[in-house]
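Engineer: Starting off with a structure, shown below.
The values are calculated or read from the model by the stated rules, or taken from the named source; none is laboratory data. From a predicted model like this one, the values you see are computed outputs, not experimental measurements. All Cβ positions, even for glycine, are placed from backbone atoms using ideal geometry, and neighbour counts span all protein chains on display. Heavy atoms of the whole protein, side chains included, go into the accessibility calculation; ligands, DNA and RNA do not. Shrake-Rupley method; radii C 1.70, N 1.55, O 1.52, S 1.80 Å.
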Amino acid sequence: MRLFLSGLIFLAVCGCSQPRKVSYADLLSSLTNLNQMASLAVPQTHLISSYDRTGANEDNNYFQGKTKDGQFILADLKGPGVVSRLWFTGDPHNANIHFYFDDEPTPRMSFKWDVLGRGILPINAPPLAMAEQICWRSFLPIPYSKRLRITVEDAGYAYGKAPKFYYQLNWNSLPQGQTVESFSLPVLDQNRALIDTICADWEKMSFPAIPPLERDGVLPPGGTLKLFSAERQGTISGISISPGFSNVPSPAARSALLRDIVLKIYWDGQTEPSVSVPLGDFFGSMWQRWAGQSMFFGMDQDAFFCRWPMPFRKGARIELENQGTAPVSIRWGVSSNEAQVPLDSGYFHAAFNRSGANAVGAPHTVLETSGDGKYVGCMLGVWSVDNSFWVLESDETMYIDGGKKPYWQGTGLEDYFNSGWYYRKVFERPLHGLPVKSPFRTVQYRLHLDDAVLFNKSFNMIFERGPDQASKAAYDSVAFYYLKNPQPAAGQVGNATWRARPRSRLEQLTLMTDIWNLERFNDLPGEIDFIDRYIEQYNPPFTPVLKLRQLMCRYKDSNISRAELLQNLDGFLTSADAKVRSFAETLKKFYSEPSVFLLGAYCNMTAEVYLDGQRMLTAGNPEQPVVVPVKLEKGMHVIAVRALWQQYPYWMQAWIESPAGLLTDGRDWKHAVNPSGEWAALNYDDSKWNPAGCVLEGVKSPPEVPYVWAAPDPYVNASSKVLPVCPGDPWDGRGFVVYRKFFEVK
C-alpha cells in the first residue's frame, strides 16, 4: 500500500488517533526537494483537461458540467487534496475564472482572463506561476480541505467555435488521516518569504551542487569505461561527465559523440542495464549540444551533469560504451553515500526510443513497461519533414495497469510541456523547457516532481504522430521512471548508425535561427563549434562572414582582449568580400572610437528607424537585420520606429548597443497606430500611448514561418537577446504604427 504526499514526513494511518495537518509550507517545500523523486510513496496524480471527447483536434471548450447559475465547471474536487498544476491558454473573451472552496457561496479567488497574460494575478510568482510561451501556468500548490470547484463564466463557448478555452489541471488527494487548510490569499501572504526563496532558486537554478570532475580515463572505440562500481547499498545523487571534445578534430565527429557513446547503469548485480541511453540525450543534449539546465540534468561549462536520486540496495555500476570509431578521453565524477535506503525508494530507469518519419499511421511510444513504479518525465525530439509545425498538434496519452481507456489524455504536444501555440522561443525552466526550436524541429522536456504518474502493473505513454497519425515526423525520446525492482531499460538504443541524428535540407537555411538559439543559452563556445560544423558540412560562400562572427564570439566570451580583437579585425578589412570589409569597418569603428554605438533593426514590416528625431536607417527585409554605427552623447535619447501594416506574421526588433552591451532589449516599448505630431522627437509627449504587444516575452522569435532564412552577420548577442514586439492596439491594416522607447547613455 502506497503512502502519500511527496517531500513530507508521514505518519502511518494505522494506530494514529490524531490526524496530521499538512501546512502550506510543507507543500511549498516539496518544490525543491529532489530526493522525493525516488520515493514510490507519493500521491497519484490525476489530470483534468479540455481534450476533444470525439477524438478530433478541437481540444477546447470541453467542461465537466455547468452550475445552476450557468458557469462552466473545470473541476469539482472532493477534499482533502491539492491542485499541483494549472495551465490555461486560448481566447476566452476575458471571462472570469472562479475558485470556490468548501461549499462557500462566494469564490475566495477570482480573476479575469486578460490579467493572466499581464502577470498581475495575486498568485503570480514567476517562475513558479507566470505567463510564458503563450499560456499561463502555475506550480503553486492550491490545497482544499473539503471541496474545490473551479469555474469559468460562459463567454459563448461551443464546440468548434471561438472563443476557445484550453485548460489542464493536475490534482491529488491526501490519504486518510491527513488534513490541510484550504488555500487563501492570507495564507499565501504568510508564506511569501518562502515562496520568494523558492522562486529565486528556480530562477537561478540553485539546486544541489554537481560532483567535481575528479577522475579521468580513455574510452576506446568498441569498448567500455567503468565510472562507478559498488557492492553495497547506498544512493547516487549526482553524475558529471566531460567528454574530450577538444581532442576530436572534426566538428561533425564531435557532434556525433553525443550519440556514439551510450550511458549504461546496472543495479544490484543485474546483467542488463536499467539505464541505456545515448550520452547527450540522457543529459538533455538531444540532437545537438545544449548548454542549459533543468532541475535534474543539463550542462555546466563542458560537463554534462544529472541530479537524479538513484538508490540501490546490493550494488551499482555505471559505465560508458563507445560505439564510435575513435578513442575519447573522459573526465567524470560521481557523488554517492552509503546511507540506508528507505523501503519506499524505487530504482531509477531511463529508456531511449525512436520512430522514423516513415511510421505514418502509428503513434510514437515514449515508454512501455511493466512492474510497480512511477513515470517522472521525458525528453522528446520531434522532426517534421512536412515542412510544418502541425505535428505539434499531437496529444499525449497514458495508460496504466492494462486499462483500455486512457488514464491521462492531453490537449497537444507543446501543452504537455507547459507551453502553447507552437512555442515562442527556446527556454529553460527547472521542470520543463525547450532546448531546440527551428523549422521544423523541436526538442522539449518535462519532469514530474509533484505530479508523477503511478502504476502497479504496467505503464504505456504515447504521442500522436500529428492528428489522425498523419504527420511525417521522426521522434526520439528518453523516458525517466522508477520501479520497485530493477528491470532492463524498456527502450532500444540500436547501433550508432541506427540512432544517428536526423537530417533535413532545411538545416542549411536555418543557420541564424540555430545560432541565435545557442546565444539565448549564452553558449558562445557552442556557437563557435556549430559554425565549424556548418562550414565543414556546407562550405558556404559566406564563410568569411562566419569566421568574423566566430572572432566576435571569442571576444564576447572574454577569450581575447580588446587589443587582440582590433588587431584581428584588421585582417578582415583586406578581405576580397565587400560585405566582410563593411562589417569589419563598422566593428572597428564601434570598438575604437569613443561615443560610437550600434543601432540595429530587424523586422518584416517596412520600417523607418529614427534616433532623436533623425531618420537613421530603413529596414523590413525578413532575411536581413540592418545595423549601422551612430554617435551618441551622454544623456536621454529616444528611438522611434515607423512601420507599415503587414499581414501576420509580423515582428519588429530595434536596439542600441554600446561596447559594454545592449542599452535596449525590446522591453518597455510604447506604441500608437497612426499618431500625429512630431512623434520621432525626443520631447514628444507619448504618455497616453499604450505598451506594445507581447512586451512580457516578445512575439515568436524571428524569422517566423513562412520565413526561414536570415543572412549571417557578425553581430553576436544582438538580435538573439532583443525581444521582438508587435502592435497591441487594434489596427485595421491602414496607415502605420509607431513604436517609441527612451534610453539613457551614461
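Engineer: Quick check on this structure: which one of Phe312, Phe296, Phe305 is assigned by the TED database to the domain that holds Val382, in contact with a Ser or Thr (Cβ under 7 Å, 6 or more places away or on another chain) and of a type outside the set (Val, Ile, Thr)?
Structural biologist: So the residue among Phe312, Phe296, Phe305 that is assigned by the TED database to the domain that holds Val382, in contact with a Ser or Thr (Cβ under 7 Å, 6 or more places away or on another chain) and of a type outside the set (Val, Ile, Thr) is Phe305.
Engineer: A further question on this structure: For segment 360-394, how many residues are assigned to a loop (DSSP other than H, G, I, E, B) and open to solvent by less than 10 Å² (accessible area, probe 1.4 Å)?
Structural biologist: 1
Engineer: Starting from segment 554-581, keep only residues that are on the phi < 0 side of the Ramachandran plot, then list their pairs with residues that are open to solvent by 50 Å² or more (accessible area, probe 1.4 Å) and among the polar types (S, T, N, Q) whose Cβ atoms are within a distance under 7 Å, requiring at least 6 positions of separation or different chains.
Structural biologist: Correct list of pairs: Leu566/Ser592.
Engineer: If you check His364, His349, which single one turns out to be closer than 27 Å to Tyr62 by Cα, assigned by the TED database to the domain that holds Arg465 and in contact with a Phe, Trp or Tyr (Cβ under 6 Å, 6 or more places away or on another chain)?
Structural biologist: Just a single option satisfies the conditions, and that option is His364.
Engineer: Do any residues in segment 595-623 that are at positive phi have Cβ atoms under 6 Å from those of residues that are open to solvent by 10 Å² or more (accessible area, probe 1.4 Å) and assigned to a strand (DSSP E or B), where the two are at least six apart or on different chains, and which pairs are they?
Structural biologist: Ser595/Lys631; Asp612/His637
Engineer: Residues of segment 425-462 being among the hydrophobic types (A, V, I, L, M, F, W, C) and in a strand (DSSP E or B), which ones? Talk me through it step by step, then tell me what you get.
Structural biologist: Start the filter on segment 425-462 by keeping residues that are among the hydrophobic types (A, V, I, L, M, F, W, C), which leaves 426-427, 431, 434, 436, 440, 443, 447, 449, 452-455, 459, 461-462.
Correct list: Phe427, Leu434, Val436, Val443, Leu447, Val453, Leu454, Phe455, Phe459, Met461, Ile462.
Engineer: Residue under question is Asp612, and the condition is that it be modelled with pLDDT under 95 and of a type in the set (Asp, Glu); does it hold? Show your work before the answer.
Structural biologist: On the way: modelled with pLDDT under 95: no; of a type in the set (Asp, Glu): yes.
Against the criterion (modelled with pLDDT under 95 and of a type in the set (Asp, Glu)), Asp612 does not qualify.
Engineer: In segment 696-744, which residues are at pLDDT below 95 and touching a Cys at 6+ places or on another chain (Cβ under 7 Å)?
Structural biologist: Val699, Val725, Cys726
Engineer: Looking only at segment 659-711, which residues are within 30 Å of Ser558 (Cα to Cα) and either without any contact (Cβ under 8 Å) to a residue 60 or more places away in the chain or open to solvent by less than 20 Å² (accessible area, probe 1.4 Å) (or both)?
Structural biologist: Within segment 659-711, Ala660, Gly661, Thr664, Asp665, Gly666, Arg667, Gly698, Pro702, Pro703, Ala710, Ala711 meet the criteria.
Engineer: If you scan segment 66-104, which residues turn out to be part of a loop (DSSP other than H, G, I, E, B), open to solvent by 30 Å² or more (accessible area, probe 1.4 Å) and over 20 Å from Val187 (Cα atoms)?
Structural biologist: Lys68, Asp69, Asp91, His93, Asn94, listed by residue number.
Engineer: Which of the numbered conditions does Tyr422 fail, given that it passes all the others? Conditions: (1) part of a strand (DSSP E or B); (2) farther than 20 Å from Ser294 by Cα; (3) within 13 Å of the chain's Cα centre (by Cα).
Structural biologist: (1)
Engineer: While we're on this one: Quick one: in segment 175-195, which of the residues that are open to solvent by 70 Å² or more (accessible area, probe 1.4 Å) and in contact (Cβ under 8 Å) with a residue 60 or more places away in the chain is farthest from Phe427 (Cα to Cα)?
Structural biologist: Gln176
Engineer: Quick check: anything in segment 628-642 within 22 Å of Pro703 (Cβ to Cβ), in the same structural domain as Trp731 (by the TED database) and outside any strand (DSSP E or B)?
Structural biologist: no
Engineer: Is it the case, given these coordinates, that Glu272 is at pLDDT 95 or above, surrounded by fewer than 21 Cβ atoms within 10 Å (Cβ to Cβ), assigned by the TED database to the domain that holds Tyr62 and farther than 22 Å from Gly526 by Cα?
Structural biologist: No.
Engineer: Between a first residue in segment 312-324 that is under 11 Å from Ala496 (Cα atoms) and a second residue that is of a type in the set (S, T, N, Q) and surrounded by 23 or more Cβ atoms within 10 Å (Cβ to Cβ), which pairs have beta carbons less than 8 Å apart while being 6 or more apart in sequence or on different chains?
Structural biologist: none
Engineer: Sticking with this one: Of the residues Gly238, Gly160, which single one is out of contact with any helix residue (DSSP H, G or I) (no Cβ under 7 Å at 6 or more places or on another chain), in contact (Cβ under 8 Å) with a residue 12 or more places away in the chain and open to solvent by less than 30 Å² (accessible area, probe 1.4 Å)?
Structural biologist: Of Gly238, Gly160, the one residue that is out of contact with any helix residue (DSSP H, G or I) (no Cβ under 7 Å at 6 or more places or on another chain), in contact (Cβ under 8 Å) with a residue 12 or more places away in the chain and open to solvent by less than 30 Å² (accessible area, probe 1.4 Å) is Gly238.
Engineer: Counting just the residues of segment 475-506 that are over 20 Å from Leu279 (Cβ atoms) and touching a residue at least 60 places away in the same chain (Cβ under 8 Å), which one comes out most open to solvent (accessible area, probe 1.4 Å)?
Structural biologist: Lys484
Engineer: Considering each of Ala256, Ala209, Ala230 in turn, give the residue that is under 24 Å from the mean Cα position of the chain (by Cα), in the same structural domain as Gln487 (by the TED database) and of a type in the set (A, V, I, L, M, F, W, C).
Structural biologist: So the residue among Ala256, Ala209, Ala230 that is under 24 Å from the mean Cα position of the chain (by Cα), in the same structural domain as Gln487 (by the TED database) and of a type in the set (A, V, I, L, M, F, W, C) is Ala256.
Engineer: Based on what the data block shows, is Ile198 surrounded by 18 or more Cβ atoms within 10 Å (Cβ to Cβ), touching a Phe, Trp or Tyr at 6+ places or on another chain (Cβ under 7 Å) and among the aliphatic types (A, V, I, L, M)?
Structural biologist: no
Engineer: Related question: Which of the residues belonging to segment 582-595 are more than 28 Å from Val708 (Cβ to Cβ) and surrounded by fewer than 17 Cβ atoms within 10 Å (Cβ to Cβ)?
Structural biologist: Residues satisfying the conditions are Glu585, Lys589, Tyr591, Ser592, Glu593, Pro594, Ser595.
Engineer: Which residues, taken from segment 135-179, are under 19 Å from Leu86 (Cα atoms) and among the aliphatic types (A, V, I, L, M)?
Structural biologist: Result: Leu140, Ile142, Leu148, Ile150, Val152, Leu169, Leu174.
Engineer: Sticking with this one: How about segment 443-483: which of its residues are in contact with a helix residue (DSSP H, G or I) (Cβ under 7 Å, 6 or more places away or on another chain) and among the β-branched types (Val, Ile, Thr)?
Structural biologist: Within segment 443-483, Val478 is the sole residue that qualifies.
Engineer: Residue by residue through segment 270-295, note down the ones that are among the β-branched types (Val, Ile, Thr) and farther than 13 Å from Phe352 by Cβ. Even if it seems obvious, please write down each step before you answer.
Structural biologist: Start the filter on segment 270-295 by keeping residues that are among the β-branched types (Val, Ile, Thr), which leaves 271, 275, 277.
Once the filter is applied, which keeps residues that are among the β-branched types (Val, Ile, Thr) and farther than 13 Å from Phe352 by Cβ, segment 270-295 yields only Thr271.
Engineer: Hey, can you tell me all the residues within segment 196-241 that are small (Gly, Ala, Ser) and either more than 30 Å from His432 (Cβ to Cβ) or in a strand (DSSP E or B) (or both)?
Structural biologist: Those that are small (Gly, Ala, Ser) and either more than 30 Å from His432 (Cβ to Cβ) or in a strand (DSSP E or B) (or both): Gly217, Gly222, Gly223, Ser229, Ala230, Gly234, Ser237, Gly238, Ser240.
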